[in-house]
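As structure tokens, the structure follows; a few thoughts come after it.
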Amino acid sequence: MSAQPENKEIKTEEDQIINPWVVQGSKDHGINYKKLVDNFGSELISPELLQRFEKLTGKKPHPWLSRGFFFSHRDLNYILDLYEKGEKFYLYTGRGPSSEALHTGHLIPFIFTKWLQDVFSVPLVVQMTDDEKFLWKDITTEQAYSYTRENAKDIIAIGFDINKTFIFSNMKYIGHMYENILKIEKCVTANQVQGIFGFGESDNIGKYSFPAIQAAPCLSTSFSHIFGPKSAVPCLIPCAIDQDPYFRMTRDVAPRLGFPKPALIHSKFFPALQGQNTKMSASDPNSAIFLNDTPEIIRDKVRF
């Protein structure tokens, strides 16, 4: 029998629902991040952890760390242990391309990830989940891939180390990860996926298989051209906390496949223009400022 993943309820308190597709805080109080950490089972980033970070790296913590915007983690101390011993790890983050341009909320994890890459001087892989957006949105595969290409331009413009950064489309690269995807799928039952992500009988079967695809970049052999075909290199994932369910599942599966658990560092949400109880979303153009918005469009969006 398969071991149960580190599953927590996604609904965190009355009127607050947080998952990879819906971010809805309390109408009166917005998002209760302390309650979210308690529910998901992650840890708050402590002053002591930031002190250790500064001591080992010789760098002041990023302002988003010191001010608590990146506020929660899983096994960040483990990553610092690796850095202290001079051992390898890599960064993994991603983007679900559902619009022609990133909005300002999308920039948060990428700007922070660039800073981490500069501090640690490590490889970075960026997964473009065009397959996910095709499965969840009313778009064609051609549209999904077009969004990937356009969004990749915005990501490249952030200034990542060109020699240590690999940006890939799932629809084009998936064959290189497929063996790992199969191994992950075999470790997780449909009941577990339903419990973690809330899928039902009316959801297409592609949604059931997608969590294994987002998990696969946590296994370093998915990038044999970077790490080799028999590697087991740990990774650190900077992401918004709504993505945590994918990696709670992965943290259960990875050791069973001979890989370390992925470590995570979570950000809060960049509030929508309408208020603090949800995040900017590409699905609602009026909730966000996009990188290709004209000054006139921005002025109309922020006008009171």
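The values are calculated or read from the model by the stated rules, or taken from the named source; none is laboratory data. If you're wondering where the values come from, they're calculated on a predicted model, not measured in any experiment. Every residue, glycine as well, gets a Cβ built from its backbone with ideal geometry; the counts of neighbours run over all protein chains shown. Only protein heavy atoms, including side chains, enter the accessible area calculation; ligands, DNA and RNA are left aside. Shrake-Rupley method; radii C 1.70, N 1.55, O 1.52, S 1.80 Å.
Details
- Semi-axes of the equivalent ellipsoid for the range 79-160, computed as √(5λ) from the eigenvalues of its C-alpha gyration tensor and ordered from largest down, come to 29, 13, 9 Å.
- Potential lengthening of the chain between GLU48 and ASN292 amounts to 83.8 nm, from the contour at 0.36 nm per residue minus the alpha-carbon distance.
- Springs between Cα atoms under 10 Å define the GNM used for the chain, and in it the highest mean-square fluctuation of VAL22, VAL126, VAL37 occurs at VAL22.
- Modelled this way, with points 7 Å down the Cα-to-C-beta line, the labels at SER231 and GLU150 are 3.3 nm from one another.
- Close amide-amide hydrogen proximity is noted between ILE45 and SER72, HIS73, each under 5 Å apart and 5 or more residues distant or on a separate chain (H modeled in the peptide plane; Pro and chain starts excluded).
- Taken along the Cα-to-beta-carbon direction at a fixed 7 Å, the label points for ALA190 and SER224 span 3.2 nm.
- Amide H contacts of LEU124 (H built 1.01 Å from N, under 5 Å, at least 5 apart or other chain): LEU91, THR165, PHE166
- Of LEU50, SER99, GLY86, farthest towards positive along the dipole that unit charges on Lys, Arg, Asp, Glu beta carbons give the range 19-146: LEU50
- Overall dimensions of the range 61-105, expressed as equivalent-ellipsoid semi-axes from the Cα gyration tensor (√(5λ), whole Å, largest first), are 27, 17, 9.
- Potential lengthening between LYS59 and VAL302 on full extension [0.36 nm per residue; Cα-Cα distance subtracted]: 83.9 nm
- Student exercise, the chain dipole from Lys, Arg, Asp, Glu Cβ charges, in Debye to nearest 20: 720 debye
- A Förster distance of 45 Å, applied to the separation of the beta-carbon atoms of ILE162 and ASP28, puts the FRET efficiency at 0.45.
- What a 1.4 Å probe finds exposed on the chain is 51% carbon and sulfur by accessible area, rounded to a whole percent.
- Cα principal axis extents for the range 120-263, largest first, Å: 44, 37, 28
- Looking at the chain, the DSSP beta bridges with both ends there are about 45 percent antiparallel.
- Nearest-20 debye value, the range 224-304 charge dipole, Cβ charges on Lys, Arg, Asp, Glu: 360 debye
- Accessible surface, per residue, of the chain when the full set of protein chains is kept, probe 1.4 Å, Å²: 48 Å²
- Among the listed pairs LYS183/LYS279; LYS27/LYS268; LYS35/LYS55; LYS34/LYS137; LYS114/LYS268, those beyond 25 Å (Cα-Cα): LYS183/LYS279; LYS35/LYS55; LYS34/LYS137
- Here the chain is treated as an ellipsoid with the same Cα gyration tensor; its semi-axes, largest first and in whole Å, are 27, 24, 22.
- Coil-residue trypsin sites (Lys or Arg not before Pro) of the range 47-88, DSSP, other Cβ within 10 Å capped at 11: ARG67
- Over the range 172-293, relative contact order from alpha-carbon pairs under 8 Å, at least 6 apart, %: 19 percent
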